[in-house]
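Colleague: The structure that follows is given in the form of structure tokens.
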Amino acid sequence: MIYLILNIFLYLLCALALGFGAGWLWRNREATGREAAAERAVLDVRGRMPQLESALRARDQRLEALEAELEARNLELEGQAARLAARERAVAELERVVADLRARLEAAAEQEGARGEAEEALAAVRQELDDTRGELERSQRALAAEQRRVAELGQERELQRRALEALEQQLELAREGTGPASRAAAG
């Protein structure tokens, strides 16, 4: 009876050793596979880092070029605004001159009857006023178009800034090397 119990105990020890050995081998094989996958992921990230850095530099250069263009357009817009203000002052002056000429015309018509000459002068002044108003309207349309373009450039700049921030985050994660694959290999 003791012999049978010892045999059973011996077989249980053998089964325990075989189970432990098989489990250890299976776990070792899985850990090796995970480690290889993590190393491939790290190598892949390291391989993509130069591309990401190059793309980041290209976006930085493009952003700088857009900022320079925006600055130039802002300066041009300020110049157009100054020209528009000057034209508005000129229109106001012309309107004052027209009102003065009308008053003179009426006075001249009452005094001399030289209405024909005054009407010709008034017509010339009116033509000049109409030309100036047309030029003012064209300038205002051009100014509005430039303001729309500046707004579009501002929106584009904001979109590029957001994309740049996302790329910087990706690059930082790649540089740290603490991505999910590296953490899995360490675990």
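What follows is calculated from the coordinates using simple rules that are stated; it is not laboratory data. Since the structure is predicted, the reported quantities are computational estimates derived from the model, not experimental observations. Ideal geometry is used to build each Cβ from the backbone, glycine not excepted, and the neighbour counts take in all protein chains shown.
Colleague: Please turn the phi angles of the stretch 126-140 into ³J(HN,Hα) values with the Karplus equation 6.51 cos²θ - 1.76 cosθ + 1.60 (θ = phi - 60°), one per residue in order, whole Hz, x for glycine and proline.
Modeller: Couplings: 4, 4, 5, 5, 4, 4, 5, 4, x, 5, 4, 5, 4, 5, 5 Hz.
Colleague: Set Lys and Arg Cβ to +1 and Asp and Glu Cβ to -1, take the dipole of the chain about its Cα centre, and tell me which of Leu129, Leu52, Ala145 lies farthest positive.
Modeller: Value computed over the given set: Leu52.
Colleague: Also: Compute the projected area of the convex hull of the Cα atoms of the chain, averaged over all viewing directions, and report it in nm² to one decimal place.
Modeller: Details: hull surface 76.8 nm².
Projected over every direction and averaged, the Cα hull of the chain covers 19.2 nm².
Colleague: Pop a pseudo-label 7 angstrom from the Cα along the beta-carbon direction at both Val97 and Glu146 and give the gap in nm to one decimal.
Modeller: Rounded to a tenth, the inter-label distance reads 2.5 nm.
Colleague: While we're looking at this one, here's another question. Place a +1 charge on the Cβ of each Lys and Arg in the stretch 29-139 and a -1 charge on the Cβ of each Asp and Glu, then give the dipole magnitude about the Cα centre in debye, rounded to the nearest 20. Present the calculation step by step, with values, prior to reporting the outcome.
Modeller: Working: 19 positive and 27 negative charges, 212 e Å.
The calculation lands at about 1020 debye.
Colleague: In debye, nearest 20, what is the charge dipole magnitude of the chain about its Cα centre with +1 on Lys and Arg Cβ and -1 on Asp and Glu Cβ, if you could check? Don't skip to the end; give the middle numbers.
Modeller: Working: 28 positive and 35 negative charges, 395 e Å.
Roughly 1900 debye for the chain.
Colleague: Along the charge dipole of the stretch 1-70, which of Asn28, Asn7, Leu63 sits closest to the positive end, that is, farthest toward it, with unit charges on the beta carbon of Lys, Arg, Asp and Glu (+1, +1, -1, -1)?
Modeller: Farthest towards the positive pole: Asn7.
Colleague: Rounded to the nearest 500, what is the 222 nm mean residue ellipticity of the chain from helices alone, with -39500 (n - 2.57) per DSSP H run of 4+ residues and division by all residues?
Modeller: Values: 3 runs with 179 residues, N = 187.
Result for the chain: -36000 deg cm²/dmol, rounded to the nearest 500.
Colleague: While we're on this one: Any idea how far apart Arg29 and Glu135 come out in nm if each label point goes 7 Å out from Cα toward Cβ?
Modeller: 9.0 nm
Colleague: Could you run the Karplus curve 6.51 cos²θ - 1.76 cosθ + 1.60 with θ = phi - 60° over the stretch 70-81 and give me ³J(HN,Hα) per residue in whole Hz, x for Gly and Pro?
Modeller: For the stretch 70-81, the Karplus-derived couplings read 5, 4, 5, 5, 4, 5, 5, 5, 4, x, 5, 5 Hz, x marking Gly and Pro.
Colleague: Using only alpha carbon positions, build the gyration tensor of the stretch 11-117, then give the equivalent ellipsoid semi-axes as the square roots of 5 times its eigenvalues, largest first, whole angstrom. Don't jump to the answer; show the numbers that get you there.
Modeller: Values: eigenvalues 1838, 51, 10 Å².
Computed over the stretch 11-117, the values are 96, 16, 7 Å.
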